[in-house]
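Enquirer: Can you keep this structure in mind? I'll have questions shortly.
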Amino acid sequence: MSGRVLILGGTGEARDLAARAQAAGMDVISSLAGRVRDPRLPVGEVRIGGFGGVDGLRTWIGDNMIHAVVDATHPFATRITGNAVAATSATDVPFLRLRRPPWTPDPADDWSCVPDIAAAADEIAGRRARVLLTTGRQDVGAFAGIDSAWFLIRVVDPPEASLPPHHQILRSRGPYHLDDERNLLRDNRIDVLVTKNSGGGLTHSKLVAARELGVEVIMVERPPEPPGIRVVSNAAQAMSWLTS
């Protein structure tokens with residue numbers, strides 16, 4: 001496939017693909033939403049910020065002579081994925097979804113899988129639990145009305161939504177090491193871990209630590225991908241598609 005490639009997303013997979021594509025001599029531009037302050041940047045040309053919905057993205061694709069789009073955004077970034085599918089369909093530009101595989105439970109895990117953040121909050125409501133919340137700053141508000149539990153809220157940037165009455169903010173960025181995750185759970189006497197099924201190795205150690213310490217995990221399941229799109233699970237597969 002020849003021509004300029006747009007890679008959507010600030011994920012590790014997006015950075016891996018950008019590095020591979022640049023090494024192969026491709027003309028690539030990476031686009032980040034700009035929701036994280038001081039993001040890790042991929043190699044090569046980068047733009048930061050939204051496109052202005054489907055119409056804005058469609059216009060940008062045409063104005064910048066994009067020949068292919070790879071959506072390597074977070075598995076829960078449903079809005080940009082939907083916009084990208086619509087914009088590439090309207091412009092007849094090839095589209096690929098690069099999405100890391102989800103985590104799957106070990107037989108020794110204690111997982112309760114829920115369909116969305118609201119359901120996760122319902123699972124916690126009324127419990128006198130100590131909760132490690134790692135769902136991201138944009139979802140913290142769903143737990144704001146819960147006064148029975150104490151929350152250790154781990155985020156990269158400070159949350160802007162309302163917060164639960166009993167909480168502590170822990171600002172940090174992965175990757176996280178297993179020993180550190182064990183200590184975090186132990187030191188804070190965590191009963192329940194609430195997380196999204198983001199997949200990947202960057203934050204997987206928290207699940208291993210939870211298993212070892214008998215901590216319950218409330219796992220928010222991924223939203224479905226748009227129907228009819230091609231999906232690959234790693235940057236090597238995406239490169240095969242780009243070079244086919």
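Enquirer: Give the Kirkwood hydrodynamic radius (Å, one decimal) of region 21-128, defined as one over the mean of 1/r across all pairs of different Cα atoms.
Expert: 16.8 Å
Enquirer: Right, here's the next one. How much length is gained on full extension from L178 to V208, taking 0.36 nm per residue of separation minus their Cα-Cα distance? Please list the in-between numbers first.
Expert: Values: separation 30, 0.36 × 30 = 10.80 nm, distance 0.74 nm.
Separation in residues times 0.36 nm, less the Cα-Cα distance, equals 10.1 nm.
Enquirer: Take every Cα pair under 8 Å in the chain that's 6+ residues apart, average their separations, divide by the length, and report that relative contact order as a whole percent. Intermediate values should be presented prior to the final figure.
Expert: Details: 478 pairs, mean separation 52.8, N = 244.
After rounding, I find 22 percent.
Enquirer: Mind giving me the FRET efficiency for S244 and D187? R0 is 51 Å, r the Cβ-Cβ distance, nearest 0.05 is fine.
Expert: Numbers: r = 50 Å, r/R0 = 0.98.
E(calc), rounded to 0.05, equals 0.55.
Enquirer: Treating only the Cβ of Lys, Arg, Asp and Glu as charged (+1, +1, -1, -1), what charge dipole size does region 141-190 show about its Cα centre? Round to the nearest 20 debye.
Expert: Numbers: 6 positive and 7 negative charges, 19 e Å.
For region 141-190, the charge dipole is close to 100 debye.
Enquirer: Explain nothing, just the number: dipole magnitude of region 111-220 about its Cα centre with +1 on each Lys and Arg Cβ and -1 on each Asp and Glu Cβ, in debye rounded to the nearest 20.
Expert: Numbers: 13 positive and 14 negative charges, 43 e Å.
Rounded to the nearest 20 debye, it is 200 debye.
Enquirer: I've got another one for you. Answer with one residue from N197, S172, L184: the one whose Cα lies farthest towards the positive end of the charge dipole of the chain, charges on Cβ with Lys, Arg +1 and Asp, Glu -1.
Expert: Selected residue: S172.
Enquirer: Assigning unit charges at the beta carbon (Lys, Arg +1; Asp, Glu -1) and nothing else, what dipole magnitude in debye, to the nearest 20, does the chain show about its Cα centre? Each step should come with its number before you reach the end.
Expert: Details: 27 positive and 28 negative charges, 72 e Å.
Value, rounded to 20: 340 debye.
Enquirer: Quick check: Cα centre of region 70-105 to Cα centre of region 11-58, how many Å?
Expert: 13 Å
Enquirer: Just the Cα atoms of region 111-220: what Rg and Dmax do they give in Å?
Expert: When restricted to the Cα atoms of region 111-220, Rg and Dmax are 12.6, 33 Å.
Enquirer: Once Lys and Arg get +1 and Asp and Glu get -1 on their Cβ, which of L41, A18, A119 lies farthest toward the positive end of the dipole of region 1-139?
Expert: Selected residue: L41.
Enquirer: Pulled fully out, how much extra length does the chain show between S148 and S89, if you take 0.36 nm times their separation in residues and subtract their Cα-Cα distance?
Expert: 16.5 nm is the gain from fully extending S148 to S89.
Every number in this text was worked out from the coordinates using simple rules, so none of it is lab data. A quick note: this is a predicted structure, and the numbers were derived from the prediction, not measured. All Cβ positions, even for glycine, are placed from backbone atoms using ideal geometry, and neighbour counts span all protein chains on display.
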